[in-house]
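Below you'll find the structure, written out as structure tokens, and then a few comments.
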Amino acid sequence: MFQTARIDKADKTEFYRQLTQQLTGLLHGERDVIANAANTSALMFEMMPDLNWAGFYFLKSTDELVLGPFQGRTACVRIAVGRGVCGTAVEKGQSILVEDVHAFPGHIACDAASRSELVVPLSHKGEILGVIDLDSPIPSRFDADDQAGIEALADIFVAASY
Ligand code: SME
């Protein structure tokens with residue numbers, strides 16, 4: 001069984017170096033997308049401080065995201081491309097860091113406790129497959145280091161699963 005090791009959270013660069021290493025080990029030898037998304041969600045939720053939601057939405061058609069594996073409270077199932085933070089990240093093809101969800105026009109509140117959010121697209125051969133979505137009850141919980149770290153995790157997930 002895979003053992004998650006404790007990671008020192010004080011140094012973010014070192015934190016994400018170790019987290020990417022752990023994810024690589026966790027997904028090694030497994031190509032099932034659902035299993036890998038479930039374990040990626042669980043690892044992020046367990047290791048990253050101050051999250052209330054961590055999970056995946058997958059593009060099931062050209063215009064709609066559908067809820068995938070996650071940790072946290074029950075969430076909205078379908079998000080149109082262009083709507084909310086997740087749908088906007090897909091439309092723009094780039095990560096979106098939201099310091100204050102109340103200031104983001106069209107933010108979809110799945111959990112009223114959420115105050116800040118980070119959404120990172122999953123890209124494979126130039127195509128967007130879905131997103132990783134992280135929510136926090138702390139305002140401005142995520143910064144550029146978190147964005148870079150989660151983009152690295154997204155790349156590891158895609159390389160292992162597709
Ligand atoms: N807040 C997201 C919706 C998904 S939940 O946060 C899990 C959005 O605005 O797209």
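The values are calculated or read from the model by the stated rules, or taken from the named source; none is laboratory data. This is a predicted model, so every value here is computed, not measured. With ideal geometry, Cβ positions are generated from the backbone for all residues, glycine too; neighbour counts draw on all protein chains shown. The protein model used for the area step is the full one, side chains on, heavy atoms only, and it has no ligands, DNA or RNA in it. Shrake-Rupley method; radii C 1.70, N 1.55, O 1.52, S 1.80 Å.
Annotations for the structure displayed:
- Screening L134, L153 for residues that are aliphatic (A, V, I, L, M), touching a residue at least 24 places away in the same chain (Cβ under 8 Å) and more than 10 Å from the ligand (Cβ to nearest atom) leaves exactly one candidate, L153.
- Which numbered condition D135 misses (of (1) more than 13 Å from the chain's Cα centre (by Cα); (2) over 24 Å from T62 (Cβ atoms)): (1)
- Sole residue being among the basic types (K, R), assigned to a helix (DSSP H, G or I), surrounded by fewer than 19 Cβ atoms within 10 Å (Cβ to Cβ) and on the phi < 0 side of the Ramachandran plot, chosen from R6, R17: R17
- Strands (runs of 3 or more DSSP E) fully within the range 26-84 counting 3 or more residues that are among the aromatic types (F, W, Y): 53-61
- Subset of the range 85-108 (residues that are assigned to a loop (DSSP other than H, G, I, E, B) and either over 21 Å from A154 (Cα atoms) or without any contact (Cβ under 8 Å) to a residue 40 or more places away in the chain (or both)): G93, Q94, D100, F104, P105, G106, H107, I108
- Residues that are within 17 Å of D145 (Cα to Cα) and free of Cβ contacts under 8 Å to residues at least 40 places away in the same chain within the range 1-44 comprise D8, A10, D11, E14, R17, Q18, Q21, listed in sequence order.
- Residue match in the range 62-85 (condition: closer than 23 Å to G29 by Cα and either of a type in the set (D, E) or open to solvent by less than 50 Å² (accessible area, probe 1.4 Å) (or both)): yes
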